[in-house]
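The next block holds one structure in the form of structure tokens; read it before the comments.
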Amino acid sequence: MAAEEFKRRLSAILSADVEGYRLLMRDDEEATVRTLTAYRRAITHIIERYRGRVVDSPGDNILSEFGSVVDAVNCGVEIQRELAGIRSCRRNVK
């Protein structure tokens, strides 16, 4: 019987979801979906910039994989900064 070779690799996983998603959908489904779509686009670009890839994005979640823990952490920090900036701009427009 031939021994099978297994290729192992280490990955860092970043998972993010929307705080209060259910309530946001209840209050204004259309606006929530529009906002989530815009955020998801921005997040995907940031993930790619940090050499990650989106694995799945069910509902309000986005699951991504990185070959480096440092890239995953830096990506998470950048996502928080970017979304805070977007939210701040939207508050100033209202």
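In the range 20-40, the condition of being loosely packed, with under 15 Cβ neighbours inside 10 Å and aromatic (F, W, Y) is met by at least one residue. Candidates are the residues of the range 41-71 that are under 19 Å from A84 (Cβ atoms) and among the hydrophobic types (A, V, I, L, M, F, W, C); the one that is surrounded by the most Cβ atoms within 10 Å (Cβ to Cβ) is I47. Pairs are defined by a Cβ separation below 8 Å, a sequence spacing of at least 6 or placement on different chains, a first member in the range 53-76 that is under 17 Å from V33 (Cα atoms), and a second member that is in a loop (DSSP other than H, G, I, E, B); the pairs so defined are G59/D17; D60/D17; D60/V18; N61/D17; I62/D17. Inspection of the range 5-19 finds no residue satisfying the criterion of being of a type in the set (A, V, I, L, M), assigned to a helix (DSSP H, G or I) and either touching a Phe, Trp or Tyr at 6+ places or on another chain (Cβ under 9 Å) or loosely packed, with under 15 Cβ neighbours inside 10 Å (or both).
Taken over the range 72-94, residues that are surrounded by 15 or more Cβ atoms within 10 Å (Cβ to Cβ) and modelled with pLDDT of 95 or more amount to 6. If you go through the range 41-72 and pick out every residue that is touching a strand residue (DSSP E or B) at 6+ places or on another chain (Cβ under 8 Å) and in a helix (DSSP H, G or I), you end up with 6.
The values are calculated or read from the model by the stated rules, or taken from the named source; none is laboratory data. Bear in mind that the values here come from a model prediction, so they are computed numbers and not experimental data. Reconstructed Cβ throughout: ideal geometry from the backbone, glycine too, with neighbour counts over all protein chains shown.
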